[in-house]
Structure formats: structure tokens, C-alpha cells
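Inspection log for the structure reproduced underneath, given as C-alpha cells.
The numbers here are math on the coordinates, done by the rules we state, and not lab data. Just so it is clear, the model here is predicted, and its values are computed rather than measured. We place every Cβ from the backbone using ideal geometry, glycine too, and count neighbours over all the protein chains shown.
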């Protein structure tokens, strides 16, 4: 982090804050529709008999599909990021660019799962480039199934200027 930066000074107390949990429901029909939307014909995502005979024993979701919000409209994980972006905008940085998303997948998401997702603000770094100051923000989301097992983690970077 850059010393003496007003925006970093505002963001530092927010690092480590965790959002309230969001609840996501994973339904077999939604898995099939998602697989259709991404044009993935894998029978593990739609064919019950095929999936039962697989090592998974049932329908699983494609990587990156975590179901649909069932409580609070799915906005819970954005609560912390809203505070972060308010501090950024107040500093005069009005442009926000998607700096990429990384996933770590641990166990398959299955039809019938109920997932709990938590968001956490994990880092803020400021750099000076040819066009001025840029701010790199990192947010993580952790997805747990109904058994408390971590199914995936997502790390997103935003670039602000």
C-alpha cells in the first residue's frame, strides 16, 4: 500500500471485513439451462441416468455456476464492496475496470445443494502509472455447501482510476 494516500487511509479499516451470508439454491433445471447457455453438452449437467452412473452419483453443476439467490436477492456479498466503492468514488476515482476473476474449485456443486456465500474485502494497493494513480482492489467470495464444506473460492480484482 502507498503511504500517505487518503483513499488507502479510508480503505485500510475495511480490509478483512466480511459480508453477511448470502444463500443460493442449486436446482437441476437451472444447471441444465446454464449448461445450455454456455453451450456445454456434458451429460453430467442434464442427464440424470448418466450422472448417476458417474463417479459423482448425480447431476453436478458446471464450474462457475453456484445457483440462484434465495434470501435477500443475493446482495449480501455486495454490502462490504459498497462501502469500499463509496470510499473510492469519494476520492475522485470514478472509473472502475474489471481486472479479472480467479476461481479455486474444491468439490463439485450438486443439484439440490444449498450454498452459503461470504464476501470479504482483502486488499487495496495504489500504484502510479503514466496516466496517474490507479487503485487495485481485491475481493474474495467463499462458497460453502449445506454440510459446511468449501466448494469454491473466487478472487476478483477491480482497477480504479
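The Cα trace of the chain gives Rg and Dmax of 18.7, 61 Å, the first to one decimal, the second as a whole number. Full extension of the segment from residue 102 to residue 12, taken as 0.36 nm per residue of separation minus the current Cα-Cα distance, would add 30.1 nm.
Angle of helix 28-37 to the longest C-alpha principal axis of the chain, folded into 0 to 90 degrees and rounded to 10: 60°.
The C-alpha atoms of the chain define a longest principal axis, and helix 78-90 lies at about 30 degrees to it. With springs connecting C-alpha atoms under 10 Å apart, model the chain as a Gaussian network and identify which of 131, 150, 70 has the largest mean-square fluctuation. Result: 131 has the largest fluctuation of those listed.
Taking label positions 7 Å along the Cα-Cβ direction at both residue 149 and residue 125, the computed distance is 3.4 nm, reported to one decimal.
Note on residue 49 and residue 37: their simple-model spin labels are 2.9 nm apart, each label 7 Å out from Cα toward Cβ. Only helices enter the 222 nm calculation for the chain: every DSSP H run of n ≥ 4 contributes -39,500 (n - 2.57), and dividing by all residues gives -6000 deg cm²/dmol, rounded to 500. Inverting the pair-averaged 1/r between distinct Cα atoms of the stretch 82-161 gives 14.2 Å as its Kirkwood hydrodynamic radius. Between the stretch 9-53 and the stretch 117-133, the C-alpha centres lie 26 angstrom from each other.
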